[in-house]
Amino acid sequence: MEIPAKYDPSSCEDKWYKYWLEKDYFSSTPDGREPYTIVIPPPNVTGVLHMGHMLNNTIQDVLVRRARMKGYNTCWVPGTDHASIATEAKVVQKLKDEGIEKNSLTREEFLAHAWEWKEKHGGIILEQLKKLGASCDWKRTTFTMDNHMSESVIKVFVDLHKKGLIYRGVRMVNWDTVALTALSDEEVIHQEVQSKLYYLRYKIEGSQEYLVVATTRPETILGDTALCLNPNDSRYTHLHGKRVIVPLVGRSIPIITDEYVDIEFGTGALKVTPAHDVNDYMLGEKYNLEVIDIFNDNGTINDKVGLYVGMDRAVCRDVIAKDLAEASLLDKVEDYTNKVGLSERTNSVIEPKLSMQWFLKMEELAKPALDSVMSDEVALVPAKFKNTYRHWMENVKDWCVSRQLWWGQQIPAYYLPEGGFVVGETPEEALAAAKEKTGNDSLTIQDLRQDEDVLDTWFSSWLWPISVFDGIRNPENEEINYYYPTNDLVTAPEILFFWVARMIIAGHEYRKEIPFKSVYLTGIVRDKQRRKMSKSLGNSPNPLDLIAKYGADSVRMAMMMCSGAGNDLMFDESLIEQGRNFGNKIWNSFRLIKGWECKDMEQLDSSKLAIEWFNESLNKNITEIESAFAQYRISEALTLLYRLFWDEFSGWYLEMIKPAYGEPIDSKSYEATIDIFEKLLHLIHPFMPFITEELWHFIGDRKDGESLMISAMPAPAEHNAVVISDVEQMKEIVSSIRNIRKEKGLPTRELLELYVVSSDTALFNKYTPLLLKMASLAKVELVNEKPAAPASSFLVKTSEFYLPLGESIDVEKEIEKLTEELNYLTGFLKSVDKKLSNERFVASAPADIVEREKAKQVDAESKIASLTEQISVLRN
RNA sequence: GGGAGUAUAGCUCAGCUGGUUCAGAGCAUCUGCCUUACAAGCAGAGGGUCCUUGGUUCGAAUCCAUGUACUCCCACCA
């Protein structure tokens with residue numbers, strides 16, 4: 001078969017991906033084999049592939065492909081997340097661009113638009129994953145708002161409500177004034193901003209005195225219902241129990257005292273606005289203060305107070321400051337840096353707001369989930385995340401599960417005409433419950449009003465590993481029993497709590513079992529300057545462009561080369577070049593092998609030795625790769641492979657076995673080489689699926705339906721360490737000879753003679769054929785003494801080597817070289833002697849360590865003797 | 001403020017149970033090679049106060065403490 005001179009990824013990748021799909025290699029159904037399951041962290045349905053996805057999914061594909069080749073029934077479940085806030089924001093924006101306001105639409109109309117958008121743009125990202133080579137079972141593609149998924153979510157909500165774990169309550173929530181929804185704490189990003197600290201003057205009632213209070217938010221005076229002082233603040237003792245007048249507003253409010261107030265900050269006086277600050281809210285609860293909410297949902301001032309009505313809060317701040325100044329109620333303004341919460345989705349300033357929300361009690365649910373991680377039943381990789389996880393789980397807060405959006409699972413709570421509510425999986429079920437609750441049999445579904453809110457997106461994703469196998473609705477079905485618990489979860493540490501912890505909780509609650517055995521936490525993909533990759537910085541390359549330019553294999557290699565678990569990775573395009581170069585190396589190695597003419601003839605001794613050695617080395621490396629994978633050191637496994645292929649196989653083995661130009665190779669060696677090459681392809685395949693598949697098909701005539709991706713991974717086997725270390729010694733000798741050639745400017749092909757003084761005659765008797773070939777020698781002769789002719793020499797272990805080079809020997813230079821080595825060894829010996837003459841070392845160090853030192857001593861001494869002799873001979 | 005982590009070659013990082021795996025790898029740099037698989041290559045070379053200062057130990061890159069710098073998470077002093 002003709003092999004193209006260059007590897008062309010683009011045609012190859014499409015060809016093989018199509019082949020794999022046609023042969024249905026990705027799909028899985030339960031059978032007698034042991035399963036290996038991964039559920040994809042579902043990307044946002046409207047998302048577009050970025051470098052983080054590349055990393056994440058490459059890791060998953062490597063794990064999945066490897067497991068498949070190791071004989072597991074592998075199932076990688078793909079899917080997308082409805083991402084209520086993000087998607088709804090996109091749809092709202094799109095409608096706005098078309099001149100349609102969301103609030104001009106009914107819920108049904110809006111959802112129709114949203115679904116239309118989803119059908120059109122949803123799942124692009126999954127198509128993109130195919131370009132990467134992802135071997136997902138696409139038939140299982142699931143969307144978190146598919147009917148059966150939504151049913152599972154609703155069922156769980158109803159169940160938790162029945163168990164008394166769901167409650168409604170007024171809580172301070174993070175209000176997004178643009179998206180008009182509450183956000184979870186995790187969706188709020190705190191950012192430092194330059195702002196101002198305003199010093200406001202509150203007049204003491206019945207006195208001419210003013211109390212000055214520092215605040216960053218003067219507009220909230222409209223909602224002030226108390227001033228708070230620290231009881232231990234001696235400056236203000238005389239004010240305890242008095243009242244003050246809120247500036248501009250004129251309302252009289254009490255002065256209260258609480259140790260919460262920091263005496264050092266500002267003036268030591270705090271204005272309390274329970275409706276608009278979390279801490280103030282707590283004070284409000286403690287002292288039973290009035291709560292005045294002064295904002296509309298969109299962040300404008302409402303009409304509760306009758307001032308600044310309809311004005312935006314940001315505008316209002318400046319206007320109020322001006323009005324205060326004019327009324328001489330503004331003492332001063334200082335520059336001040338403080339932290340402001342911003343919405344992760346809309347980037348608007350979060351407003352703490354009191355609102356009626358649905359909550360899930362977390363304390364009891366979290367306990368088993370904490371235990372499974374602390375006991376390593378669920379292993380976090382790297383383990384350092386255990387601490388963070390514990391900290392969070394021990395301080396877990398109730399989960400606000402409601403969102404004021406339309407895109408998502410609508411909360412299955414139904415309000416009754418006369419107040420109160422019932423919960424049911426369907427309107428019919430709710431109606432039945434309502435009839436029972438009210439005793440009113442004439443109620444109809446139309447009388448019930450379903451709660452407007454939808455559930456937090458995470459409230460569906462926390463069921464993901466269960467619901468994709470329909471384990472909520474049909475807890476005893478074959479699939480869930482076979483695939484669950486899944487094996488590995490690969491995700492970003494940022495969502496350890498949002499998602500991972502909650503999946504573990506859901507696993508315990510609904511399967512009495514953990515959802516996965518280990519969680520591989522990836523790092524964040526950053527650019528060379530350590531900046532996070534983001535659209536706004538424009539430093540994030542488009543992965544598809546990279547794939548088009550370098551091929552998917554190269555990009556996969558790049559992702560895996562720089563990614564230790566949990567470490568951020570500095571991504572740079574040069575890494576992809578390195579990946580591409582590696583592919584090129586593999587390609588060309590194969591071209592070399594395939595170019596050989598094969599003949600039935602006697603096998604050369606050098607080839608026998610090379611094959612023996614490489615197979616040992618291969619076994620050793622397979623064992624090491626195995627252990628690296630077992631510890632999820634995937635990048636390390638790849639490095640091992642890279643070196644095995646490039647240095648050991650291409651650099652040494654192929655040179656050892658390569659026939660002289662124009663000469664044929666014996667068929668035995670050829671077969672052995674093909675066998676080795678094929679094993680290497682197997683090992684590389686999970687990382688570089690396309691090029692390996694292509695070459696595997698070039699190796700022999702494969703039948704239709706055969707594929708590298710479904711053939712068996714070479715198993716780890718014992719290796720002979722002596723053979724490996726012997727050959728290492730030979731490689732060192734070869735390198736030394738190459739060095740001498742280089743120093744002397746001798747052409748590679750000029751044959752030299754090598755004389756060896758060594759006690760290990762067996763070693764040299766065995767490996768002489770290899771030395772002859774690799775170092776271009778005319779002969780290797782074991783001698784008892786160094787040859788008389790002037791020779792260049794070197795030492796490897798305790799053997800001496802001489803290359804008589806006649807005229808070209810520069811005696812002075814030789815002496816210099818030998819002296820340098822002698823000096824080094826003398827110093828080395830000195831340090832060893834010192835150690836050995838230290839009684840405390842000999843007494844307390846373990847015996848084997850002492851033995852090793854003694855061996856070093858003997859070794860150095862003999863080398864020194866030999867060098868000294870050589871120098872003195874040269875001197876004469 | 002609370003918690004966690006990191007600091008090793010120009011860059012990215014290994015270095016696991018303290019001792020020949022002890023100062024390493026890849027990339028980058030430099031030198032020499034258009035040696036018929038591969039210049040996306042081959043053969044070599046240079047390059048480090050293992051962040052500081054102490055301590056433990058016969059022995060420390062490795063363990064402990066302190067300081068410094070950076071990173072992340074949590075909480076938010078108005």
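Key figures for this structure:
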read-out	value
The range A:525-556: number of residues that are under 15 Å from the mean Cα position of the chain (by Cα), among the hydrophobic types (A, V, I, L, M, F, W, C) and at pLDDT 80 or above	1
A:TYR202 being touching a strand residue (DSSP E or B) at 6+ places or on another chain (Cβ under 9 Å), more than 20 Å from A:GLY408 (Cβ to Cβ), open to solvent by less than 10 Å² (accessible area, probe 1.4 Å) and not aliphatic (A, V, I, L, M)	yes
All positions within the range A:266-296 that are in a helix (DSSP H, G or I) and open to solvent by 30 Å² or more (accessible area, probe 1.4 Å)	A:VAL278, A:ASN279, A:TYR281, A:MET282, A:GLU285, A:LYS286, A:TYR287
Selected residue [in contact with a strand residue (DSSP E or B) (Cβ under 7 Å, 6 or more places away or on another chain) and among the aromatic types (Phe, Trp, Tyr)] from A:TYR767, A:TYR824, A:TYR802	A:TYR802
A:GLU678, sole failed condition from (1) open to solvent by less than 20 Å² (accessible area, probe 1.4 Å); (2) of a type outside the set (S, T, N, Q); (3) assigned to a helix (DSSP H, G or I)	(1)
Residue within the range A:124-131 that is assigned to a loop (DSSP other than H, G, I, E, B) and either among the aliphatic types (A, V, I, L, M) or open to solvent by less than 50 Å² (accessible area, probe 1.4 Å) (or both) present	no
Subset of the range A:211-224 that is in a strand (DSSP E or B) and within 9 Å of RNA strand B (Cβ to nearest atom) - its residue that is nearest to A:VAL315 (Cα to Cα)	A:THR215
Total residues in the range A:498-517, condition open to solvent by 10 Å² or more (accessible area, probe 1.4 Å) and either over 23 Å from A:CYS75 (Cβ atoms) or small (Gly, Ala, Ser) (or both)	2
Test result for A:GLN208, assigned to a loop (DSSP other than H, G, I, E, B) and exposed (fewer than 15 other Cβ atoms within 10 Å of the Cβ)	yes
Failed criterion for A:LEU618 (all others in (1) away from RNA strand B (no atom under 16 Å from the Cβ); (2) open to solvent by 10 Å² or more (accessible area, probe 1.4 Å); (3) not basic (Lys, Arg) hold)	(2)
Top-ranked residue of the range A:588-604 - restricted to ones that are within 8 Å of RNA strand B (Cβ to nearest atom) and surrounded by fewer than 19 Cβ atoms within 10 Å (Cβ to Cβ), ranked as farthest from the chain's Cα centre (by Cα)	A:GLY595
Filter pass, A:ARG201 being touching a residue at least 60 places away in the same chain (Cβ under 8 Å), more than 16 Å from RNA strand B (Cβ to nearest atom) and charged (D, E, K, R)	no
Enumeration of residues in the range A:317-338 that are surrounded by fewer than 16 Cβ atoms within 10 Å (Cβ to Cβ), within 48 Å of the chain's Cα centre (by Cα) and of a type in the set (D, E, K, R)	A:ASP318, A:GLU334, A:ASP335
Enumerated helices (runs of 4 or more DSSP H) restricted to the range A:767-876, each holding at least 3 residues that are more than 22 Å from A:LEU752 (Cβ to Cβ) and open to solvent by less than 40 Å² (accessible area, probe 1.4 Å)	A:811-837, A:847-875
Residue ID - surrounded by the most Cβ atoms within 10 Å (Cβ to Cβ), chosen from residues in the range A:23-71 that are aromatic (Phe, Trp, Tyr) and either part of a loop (DSSP other than H, G, I, E, B) or in contact with a Pro (Cβ under 9 Å, 6 or more places away or on another chain) (or both)	A:PHE26
Per-region count, the range A:246-262, residues closer than 17 Å to A:MET282 by Cα and assigned to a loop (DSSP other than H, G, I, E, B)	5
Tally of residues being farther than 17 Å from A:LYS797 by Cβ and within 11 Å of RNA strand B (Cβ to nearest atom) across the range A:817-850	19
Residues (part of a loop (DSSP other than H, G, I, E, B), modelled with pLDDT under 90 and more than 10 Å from RNA strand B (Cβ to nearest atom)) located in the range A:225-240	A:PRO231, A:ASN232
Members of the range A:356-394 that are basic (Lys, Arg) and in contact with an Asp or Glu (Cβ under 6 Å, 6 or more places away or on another chain)	A:LYS361
Of the criteria (1) more than 14 Å from RNA strand B (Cβ to nearest atom); (2) open to solvent by less than 40 Å² (accessible area, probe 1.4 Å), which one A:ALA314 fails	(2)
Some residue of the range A:553-572 being of a type in the set (Asp, Glu), more than 8 Å from RNA strand B (Cβ to nearest atom) and closer than 18 Å to A:ILE59 by Cα	yes
Some residue of the range A:688-695 being crowded, with 20+ Cβ neighbours inside 10 Å, closer than 29 Å to A:SER735 by Cβ, β-branched (Val, Ile, Thr) and modelled with pLDDT of 95 or more	no
Residues of the range A:355-385 satisfying the condition of being part of a helix (DSSP H, G or I) and open to solvent by less than 80 Å² (accessible area, probe 1.4 Å)	A:LEU365, A:ALA366, A:PRO368, A:ALA369, A:LEU370, A:SER372, A:VAL373, A:MET374, A:PHE385
Criterion violated by A:THR623 - all others in (1) over 30 Å from A:VAL490 (Cα atoms); (2) more than 12 Å from RNA strand B (Cβ to nearest atom); (3) touching a residue at least 40 places away in the same chain (Cβ under 8 Å); (4) surrounded by fewer than 18 Cβ atoms within 10 Å (Cβ to Cβ) satisfied	(1)
Every residue from the range A:339-354 that is within 14 Å of RNA strand B (Cβ to nearest atom) and open to solvent by 40 Å² or more (accessible area, probe 1.4 Å)	A:LYS339, A:GLU344, A:VAL349
Search result, residues across the range A:173-189 that are surrounded by fewer than 20 Cβ atoms within 10 Å (Cβ to Cβ) and modelled with pLDDT of 75 or more	A:VAL178, A:LEU180, A:VAL188, A:ILE189
Any hit, the range A:258-272, residues being modelled with pLDDT under 90 and more than 16 Å from RNA strand B (Cβ to nearest atom)	no
Within the range A:745-766, tally of residues that are within 12 Å of RNA strand B (Cβ to nearest atom) and surrounded by 11 or more Cβ atoms within 10 Å (Cβ to Cβ)	1
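The values are calculated or read from the model by the stated rules, or taken from the named source; none is laboratory data. As the structure is a computational prediction, the values presented were derived from the model and not from experiment. With ideal geometry, Cβ positions are generated from the backbone for all residues, glycine too; neighbour counts draw on all protein chains shown. With ligands, DNA and RNA removed, areas are computed over all heavy atoms of the protein, side chains included. Shrake-Rupley method; radii C 1.70, N 1.55, O 1.52, S 1.80 Å.
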